[in-house]
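Engineer: Input: one structure, supplied below.
The values are calculated or read from the model by the stated rules, or taken from the named source; none is laboratory data. Source: prediction; values computed, not measured. Cβ coordinates were reconstructed from backbone atoms using ideal geometry, including for glycine residues, and neighbour counts include every protein chain displayed. Accessible surface is based on the protein model in full, side chains and every heavy atom, while ligands, DNA and RNA are left aside. Shrake-Rupley method; radii C 1.70, N 1.55, O 1.52, S 1.80 Å.
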Amino acid sequence: MSSDAIRHSFSLAMSKMYQKEVPLYTDLMDLVAEVNEGVLTQQPEIATQLKHTGEIDRLSMERHGAIRLGTAGELAMMRRLFAVMGMQPVGYYDLAPAGVPVHSTAFRAVDTASLNNSPFRVFTSLLRLDLIGDETLKQQAQAALDARNIFTDGAVKLIETYEQEGGVTQEQGEQFVQEALETFRWHEQSPIAKNIYEQLASQHQLIADVVGFKGPHINHLTPRTLDIDAVQQGMQSRGIPPKAIIEGPPRRNCPILLRQTSFKALVEPVSFKGVDGQYESGQHTARFGEIEQRGVALTPKGRALYDQLLSEARDKLGATPNEKNAEQYYQLLSESFVAFPDDYQALHEQQLAYFHYQPSETHSAELTSLEISTDNLQQLIEQGVIRIEPIVYEDFLPVSAAGIFQSNLHSDTASSYEGQSNQKEFEQALGASVQDELALYQQMQDNSLQVCLASLQQVA
């Protein structure tokens, strides 16, 4: 059974499980499907673009999830689990400066064909216990994490089989999906006492979310929409409470990077470990429904401009974007991003974004007097011999991720944590280096250019 097939099967099983656990997620999926259908009908140029890039068939099955782990051992085994599904760690994200005591990576497929087969990705965070100020509480949290085992014996055995044999059979792959699913399941009973949970929550709600449970329950699954503003309005009209701010860049004709919103986290009953084997009732708030709209991936130059303009808008606001200042923030954001070209040709010419190069269906290479080579690339595009299509951004934005986390944790704790980000330490825990997402996009662009030119040269 191929890794792509295992990943696809797992993503469907995960979605089915989460719909049972969080029924509001089903309503969200229905809303996103309606919005996407409307966009494709009303804006056929978007449908054409998605067909050219191979994204049209993956749109309805696109999901990303998020989990939070507590120890280096959990992270290392999770890397091995995701490897069975053809998912590799891409990018390093430090959320501590934004007030979330974790650092993270994204597990996903890395080549175009695999992404189009199954674009499932999981944003995976590792708790930074070093950021807990109370030493006694830190030791209690560590003891709780050391006492748990978040992977089934069956999952570990099949991971070892995959590593030793270089793959698994169809039957083993199907069994792996079921065994792996158990790691992400919600558990209503907590293995820690209620008072310990409350102390952890007073440090940060996310710390309690990681330490207070038997495993890293999936805390959201995210469908992809083609119009996140329409989904935001649709949630309100359907009585689904959305967060106040859409994270990321402003609305544009040519979307860039990633825009995200969510419905607010659910308050769920939890039974905490008590005395004499009894359990004490309580509640927990963490799991929510998220929606994303993805745009073109930006080059280092484009990303630097994005970061500059985003910081400019936030500095002018002088506060964290929230429900009270949402309209003002959107206005400032739109004003700042006037400086960011909103046209694919301009983005390409100024080398601000990554693109697929494809032979035009309406022009033959025989019609051009230009040599088919990289030296004449811009002229070939201008003559219509080559068309460009945006490479979709497959990754995440730390400021946006922190905004989503914070808005759903109802936390009034630190707005930032001191201490340097430590990618080396994270990679030591992971047991591997994370891949550079920008290098992957550059490779996609370079590969598409080579294939495009070779195809045109055969015709010329």
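Engineer: Report, ordered by the first and then the second residue, all pairs with beta carbons closer than 8 Å, sequence separation of six or more or different chains, a first member in the range 271-293 that is closer than 26 Å to residue 260 by Cβ and hydroxyl-bearing (Ser, Thr, Tyr), and a second member that is assigned to a loop (DSSP other than H, G, I, E, B) and open to solvent by less than 30 Å² (accessible area, probe 1.4 Å).
Structural biologist: 285/265
Engineer: Ok, one more. If I ask for residues that are at pLDDT 95 or above and more than 27 Å from the chain's Cα centre (by Cα), which ones from the range 138-159 would you list?
Structural biologist: 153, 154, 157
Engineer: I would also like to ask the following. Could you list, in sequence order, the residues of the range 215-231 that are of a type in the set (Val, Ile, Thr) and modelled with pLDDT of 90 or more?
Structural biologist: 225, 228, 231
Engineer: Let me ask another. Which ones in the range 94-114 are modelled with pLDDT of 90 or more, open to solvent by less than 10 Å² (accessible area, probe 1.4 Å) and either more than 15 Å from residue 206 (Cα to Cα) or touching a Pro at 6+ places or on another chain (Cβ under 7 Å) (or both)?
Structural biologist: 105, 106, 107, 108, 109
Engineer: Do you know which residues across the range 447-459 are out of contact with any strand residue (DSSP E or B) (no Cβ under 9 Å at 6 or more places or on another chain) and either closer than 30 Å to residue 71 by Cα or surrounded by 15 or more Cβ atoms within 10 Å (Cβ to Cβ) (or both)?
Structural biologist: none
Engineer: Answer yes if at least one residue in the range 72-86 is assigned to a helix (DSSP H, G or I), modelled with pLDDT under 95, buried (at least 22 other Cβ atoms within 10 Å of the Cβ) and in contact with a helix residue (DSSP H, G or I) (Cβ under 9 Å, 6 or more places away or on another chain), and no otherwise.
Structural biologist: No, the conditions are met nowhere in the range 72-86.
Engineer: What residue, of 2, 15, 9, is open to solvent by 20 Å² or more (accessible area, probe 1.4 Å), of a type in the set (Ser, Thr, Tyr) and closer than 15 Å to residue 178 by Cβ? Reasoning before the result, please.
Structural biologist: Working: 2 fails: closer than 15 Å to residue 178 by Cβ; 15 fails: open to solvent by 20 Å² or more (accessible area, probe 1.4 Å).
Exactly one of 2, 15, 9 is open to solvent by 20 Å² or more (accessible area, probe 1.4 Å), of a type in the set (Ser, Thr, Tyr) and closer than 15 Å to residue 178 by Cβ, namely 9.
Engineer: Please count how many residues of the range 94-131 are under 16 Å from residue 64 (Cβ atoms) and in a helix (DSSP H, G or I).
Structural biologist: The number of residues fulfilling the criteria is 4.
Engineer: So, in the range 197-253, of the ones that are hydroxyl-bearing (Ser, Thr, Tyr) and out of contact with any strand residue (DSSP E or B) (no Cβ under 9 Å at 6 or more places or on another chain), which residue ends up least open to solvent (accessible area, probe 1.4 Å)? Don't jump to the end; show me each part of the working.
Structural biologist: First, the residues of the range 197-253 that are hydroxyl-bearing (Ser, Thr, Tyr): 197, 202, 222, 225, 237.
Restricting the remaining residues to those that are out of contact with any strand residue (DSSP E or B) (no Cβ under 9 Å at 6 or more places or on another chain) gives 202, 237.
Numbers: 202: 80, 237: 97 Å².
Across the range 197-253, the extreme among qualifying residues is 202.
Engineer: I'm trying to understand the selection: among the residues of the range 329-360, which are among the charged types (D, E, K, R) and farther than 20 Å from residue 380 by Cβ?
Structural biologist: If the condition is that a residue be among the charged types (D, E, K, R) and farther than 20 Å from residue 380 by Cβ, then 335, 342 are the ones that fit.
Engineer: For the subset of the range 345-364 comprising residues that are of a type in the set (Gly, Ala, Ser) and over 17 Å from residue 443 (Cβ atoms), which member is surrounded by the most Cβ atoms within 10 Å (Cβ to Cβ)?
Structural biologist: Across the range 345-364, the extreme among qualifying residues is 360.
Engineer: Given (1) modelled with pLDDT under 90; (2) open to solvent by less than 50 Å² (accessible area, probe 1.4 Å); (3) hydrophobic (A, V, I, L, M, F, W, C), identify the lone condition not met by residue 367.
Structural biologist: Evaluating residue 367 over (1) modelled with pLDDT under 90; (2) open to solvent by less than 50 Å² (accessible area, probe 1.4 Å); (3) hydrophobic (A, V, I, L, M, F, W, C) leaves (2) as the failure.
Engineer: Give the number of residues within the range 102-117 that are farther than 17 Å from residue 424 by Cβ, of a type outside the set (Phe, Trp, Tyr) and touching a Phe, Trp or Tyr at 6+ places or on another chain (Cβ under 6 Å).
Structural biologist: Looking only at the range 102-117, we keep the residues that are farther than 17 Å from residue 424 by Cβ, and these are 106-117.
Then keep just the ones that are of a type outside the set (Phe, Trp, Tyr); that gives 106, 108-117.
Then drop every residue that is not touching a Phe, Trp or Tyr at 6+ places or on another chain (Cβ under 6 Å), which leaves 106.
Summing the residues that are farther than 17 Å from residue 424 by Cβ, of a type outside the set (Phe, Trp, Tyr) and touching a Phe, Trp or Tyr at 6+ places or on another chain (Cβ under 6 Å) in the range 102-117 gives 1.
Engineer: Then there's this: Taking the range 132-164 as the search range and keeping residues that are among the small types (Gly, Ala, Ser) and either touching a residue at least 60 places away in the same chain (Cβ under 8 Å) or in a helix (DSSP H, G or I) (or both), which one is surrounded by the fewest Cβ atoms within 10 Å (Cβ to Cβ)?
Structural biologist: Result: 133.
Engineer: Test residue 6 against the stated conditions and say whether it is more than 17 Å from the chain's Cα centre (by Cα) and not hydroxyl-bearing (Ser, Thr, Tyr). First the steps, then the outcome.
Structural biologist: Numbers: more than 17 Å from the chain's Cα centre (by Cα): yes; not hydroxyl-bearing (Ser, Thr, Tyr): yes.
It is true that residue 6 is more than 17 Å from the chain's Cα centre (by Cα) and not hydroxyl-bearing (Ser, Thr, Tyr).
Engineer: Let me ask something additional. Can you name the condition, by its number, that residue 266 falls short on among (1) farther than 23 Å from residue 185 by Cβ; (2) surrounded by fewer than 24 Cβ atoms within 10 Å (Cβ to Cβ); (3) hydrophobic (A, V, I, L, M, F, W, C)?
Structural biologist: Of (1) farther than 23 Å from residue 185 by Cβ; (2) surrounded by fewer than 24 Cβ atoms within 10 Å (Cβ to Cβ); (3) hydrophobic (A, V, I, L, M, F, W, C), only one is false for residue 266: (1).
Engineer: Tell me, please, whether a residue that is more than 21 Å from the chain's Cα centre (by Cα), surrounded by fewer than 16 Cβ atoms within 10 Å (Cβ to Cβ), outside any loop (DSSP other than H, G, I, E, B) and modelled with pLDDT of 70 or more can be found in the range 433-446.
Structural biologist: Yes - at least one qualifying residue is present in the range 433-446.
Engineer: I want to confirm something. Restricting to the range 278-310 and keeping residues that are polar (S, T, N, Q) and either open to solvent by 60 Å² or more (accessible area, probe 1.4 Å) or touching a Cys at 6+ places or on another chain (Cβ under 7 Å) (or both), which single residue is modelled with the highest pLDDT?
Structural biologist: Narrowing the range 278-310 to residues polar (S, T, N, Q): 278, 281, 283, 285, 293, 299, 308.
This time we only want the ones that are either open to solvent by 60 Å² or more (accessible area, probe 1.4 Å) or touching a Cys at 6+ places or on another chain (Cβ under 7 Å) (or both), so: 278, 281, 283, 308.
On the way: 278: 79, 281: 86, 283: 85, 308: 93.
My answer is 308.
Engineer: Taking the range 53-71 as the search range and keeping residues that are open to solvent by less than 50 Å² (accessible area, probe 1.4 Å) and part of a helix (DSSP H, G or I), which one is modelled with the lowest pLDDT?
Structural biologist: Ranking the qualifying residues of the range 53-71, first place goes to 61.
Engineer: Can I ask one more? Pick out the one residue from 234, 212, 248 that is closer than 22 Å to residue 317 by Cβ, small (Gly, Ala, Ser) and modelled with pLDDT of 85 or more.
Structural biologist: 248
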